[in-house]
Amino acid sequence: MTTIHVLNGPNLNLLGTREPSIYGQDTLADIERSLQAKASAQNFGLVFRQSNHEGDLIGWIHEAGLSGSPVILNAGAFTHTSVALHDAIKAAAAVVIEVHLSNTHTREPFRHGSFVSPVARGVIMGFGAHSYTLAFDALVQTGLKSMSS
Ligand code: CA2
């Protein structure tokens, strides 16, 4: 059984409690529930994690990539800062779909860049919690393995 890893970065544990006009009303637990339902219905395993620490995310990307498991990644603000996450995705040859709740291009200029995008299969942003379910469908429909291997 293929296991899809959904990895969430800093501050996403606060989802649904503040800034609903930007991030929506759903909590991270709500998002986990809807992805778990999709995964169970389609016979996939699901690992759903959140951390405020860059090193945790790097370790989890290694774990997923090296075991051949695809990743749906919302790296939060590390998206815009972390060469280390970029390197981890490359080093572990992880298949990554980058997701964001908000459309970062309509926001502050410091959110316009991404160190994840150049090493991601694709990017889905701006659809709130629905970005995650779209990413799940995109991953399944485009194949769960690396296109180069
Ligand atoms: O839109 C996204 O999904 C982001 O990855 C969310 C990050 C932000 O730094 C990125 O630029 C875009 C921030 C997540 C913070 O989540 C909060 C949740 C509730 C209240 C405040 C922040």
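Which residues, taken from segment 103-123, are outside any helix (DSSP H, G or I) and either among the small types (Gly, Ala, Ser) or open to solvent by 30 Å² or more (accessible area, probe 1.4 Å) (or both)?
Correct list: 103, 107, 108, 112, 113, 114, 115, 120, 121, 122, 123.
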Could you check segment 1-102 for helices (runs of 4 or more DSSP H) lying wholly inside it with 2 or more residues that are hydrophobic (A, V, I, L, M, F, W, C) and either touching a residue at least 40 places away in the same chain (Cβ under 8 Å) or within 15 Å of the ligand (Cβ to nearest atom) (or both)? 28-41, 54-66
If you check 36, 50, which single one turns out to be under 11 Å from the mean Cα position of the chain (by Cα) and under 22 Å from residue 129 (Cα atoms)? 50
Residues located in segment 77-90, provided they are more than 20 Å from residue 139 (Cα to Cα) and open to solvent by 10 Å² or more (accessible area, probe 1.4 Å): 77, 78, 80, 81, 83, 84, 87
With the condition kept exactly as written, say whether any residue in segment 65-78 is hydroxyl-bearing (Ser, Thr, Tyr), under 15 Å from the mean Cα position of the chain (by Cα) and within 11 Å of residue 132 (Cβ to Cβ). no
Boolean, residue 138 is farther than 20 Å from residue 18 by Cβ and part of a loop (DSSP other than H, G, I, E, B): no
Kindly check whether there is at least one residue in segment 125-134 that is over 24 Å from residue 18 (Cα atoms), part of a strand (DSSP E or B), among the aliphatic types (A, V, I, L, M) and open to solvent by 30 Å² or more (accessible area, probe 1.4 Å). no
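The values are calculated or read from the model by the stated rules, or taken from the named source; none is laboratory data. Keep in mind that this is a model prediction, so the values were computed, not measured. When we count neighbours, we look across all protein chains shown, and the Cβ atoms used for this are built from the backbone with ideal geometry, even at glycine. Calculation scope for accessible area: heavy atoms of the full protein, side chains included, ligands and nucleic acids excluded. Shrake-Rupley method; radii C 1.70, N 1.55, O 1.52, S 1.80 Å.
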